[in-house]
1. Out of all the residues in the range 108-127, which are under 25 Å from Trp254 (Cα atoms), of a type outside the set (Lys, Arg) and either assigned by TED's automatic domain parsing to the domain that holds Tyr177 or surrounded by fewer than 24 Cβ atoms within 10 Å (Cβ to Cβ) (or both)?
2. Take the conditions assigned to a helix (DSSP H, G or I), out of contact with any Asp or Glu (no Cβ under 6 Å at 6 or more places or on another chain) and touching a residue at least 24 places away in the same chain (Cβ under 8 Å) and apply them to Arg186. Does it pass?
3. When only residues in the range 61-77 that are over 17 Å from the mean Cα position of the chain (by Cα) and surrounded by 16 or more Cβ atoms within 10 Å (Cβ to Cβ) count, which is nearest to Thr277 (Cα to Cα)?
4. All but one of (1) among the acidic types (Asp, Glu); (2) at negative phi; (3) at pLDDT below 95 hold for Asp95; which doesn't?
5. Please note which helices (runs of 4 or more DSSP H) are completely contained in the range 51-165 and include at least 3 residues that are under 30 Å from Met264 (Cα atoms) and touching a residue at least 40 places away in the same chain (Cβ under 8 Å).
6. Within the set of pairs 6+ apart or on separate chains, which have a first residue in the range 233-247 that is over 17 Å from Thr205 (Cβ atoms), a second that is at pLDDT below 95 and not polar (S, T, N, Q), and C-beta atoms under 9 Å apart?
7. Taking the stated definitions as given, is Leu248 among the hydrophobic types (A, V, I, L, M, F, W, C), at pLDDT below 95 and surrounded by 18 or more Cβ atoms within 10 Å (Cβ to Cβ)?
8. Out of the range 174-219, which residues are in contact with a strand residue (DSSP E or B) (Cβ under 6 Å, 6 or more places away or on another chain), within 23 Å of Gly75 (Cα to Cα) and not hydrophobic (A, V, I, L, M, F, W, C)?
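The values are calculated or read from the model by the stated rules, or taken from the named source; none is laboratory data. Please read all numbers here as calculations on a predicted model, not as lab measurements. A quick note on method: Cβ atoms are made from the backbone with ideal geometry, for glycine too, and the neighbour counts reach across all protein chains shown.
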Amino acid sequence: MRRRDFTTGLLLAATQSSWAQEPAKQHRIAIIRAGGSTTHISDTSPYSFYKELFKELQRLGDVEGQNLTVERYSGEGRPEGFADLAREVVNGQPDLVVAIGPPIAQAVRAASDTIPIVLAGGDPIRAGLATSLAHPGGNITGVTNDVGPEIWGKRLQILKEAVPSVSKVSLLDLRAYWQYDVAPLREPGQQLQISLVGMLLEESTPAELRRVFGEIARDRPDAIMVGGEAQLTGQHPLIVELVYKSRLPALYPWREYVEAGGLMAYGADLGEGGRRTADDVHEILNGAKPGDIPIYRPTKFELVVNLNAAKALGLTIPPALLAVADEVIE
């Protein structure tokens, strides 16, 4: 072998070795919940959103502990602290922030108009976070679970079908969202001869939830509906527990409530939302501009019924409703 050929071979081998040993690009993201524990932000979470988020990130090659660092935060259900928390996160200069719910996204946007934000949940247009779902603009994109007012009427109809004697329903909701959530219920409520009252929370803390449920006897409702805000979802085990103690039938927005022992849920698949969020995160970490990525709006909904919960309440769910359920827990 000629010396030149040998030298060239050594250089090529050294270059290939360098390529093989070149470390993967490292990214750091922050995930902020409005309330609830940060320990549930994982691939073993009881929330399908987080479980599917991390599984999809791993499938895309963004693996925590390898090329991805994930910082977890919770606003602990106290909106007055969201701004300070957002500033703390932004000061750490993550590559991207996943904001669970519009109030968190609003706080992060106020703290930085450059750090990419992936919103999960709520109505980004009503919250002033996006100009449109197709072209959000600015430093934000994400997934909305707000599919329009029709879903609220559908939920009320399902509740009436399950419990025909219902004539008064309490809506467990945050006071800040009450006027938006109750509006689409008024017309179907009149058609179904159901009156609506509010169980209004100032914040989504355990103490505030216990206070509101402690006053439920005052309104004497026949059933309960639970709002879909992320701040409430973060307290779903406690909400199911308090509803159970009230001995009232309830309709929830997400299947997680039913899996925790609740009676019925009708809403979008949050696991799909987790996967879509992961796709957005992956695109942005690889150079895409968040404002150019359309905000995803779900089109698939599921009805989940828990017959064990029905039996505990002495209810018989009509066969016609069970026939259209996507899942029946027995």
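1. Keep residues of the range 108-127 that are under 25 Å from Trp254 (Cα atoms), which gives 117-127.
Still in the list and also of a type outside the set (Lys, Arg): 117-125, 127.
Once the filter is applied, which keeps residues that are under 25 Å from Trp254 (Cα atoms), of a type outside the set (Lys, Arg) and either assigned by TED's automatic domain parsing to the domain that holds Tyr177 or surrounded by fewer than 24 Cβ atoms within 10 Å (Cβ to Cβ) (or both), the range 108-127 yields Asp123, Ile125, Ala127.
2. Numbers: assigned to a helix (DSSP H, G or I): yes; out of contact with any Asp or Glu (no Cβ under 6 Å at 6 or more places or on another chain): yes; touching a residue at least 24 places away in the same chain (Cβ under 8 Å): no.
Judged against the criteria, Arg186 is not a match.
3. If we filter the range 61-77 for residues that are over 17 Å from the mean Cα position of the chain (by Cα), which is where we start, we get 61-71.
Now narrow it down to the ones that are surrounded by 16 or more Cβ atoms within 10 Å (Cβ to Cβ): 62, 68, 70.
Values: Asp62: 13, Leu68: 15, Val70: 14 Å.
Residue satisfying both the conditions and the ranking: Asp62.
4. (3)
5. Values: elements: 82-91, 102-111, 150-162.
Once the helices (runs of 4 or more DSSP H) in the range 51-165 are filtered for at least 3 residues that are under 30 Å from Met264 (Cα atoms) and touching a residue at least 40 places away in the same chain (Cβ under 8 Å), what remains is 150-162.
6. Correct list of pairs: Ser246/Ile216; Ser246/Ala217.
7. On the way: among the hydrophobic types (A, V, I, L, M, F, W, C): yes; at pLDDT below 95: no; surrounded by 18 or more Cβ atoms within 10 Å (Cβ to Cβ): yes.
No: the conditions fail for Leu248.
8. Within the range 174-219, Arg175, Asp181, Glu208 qualify.
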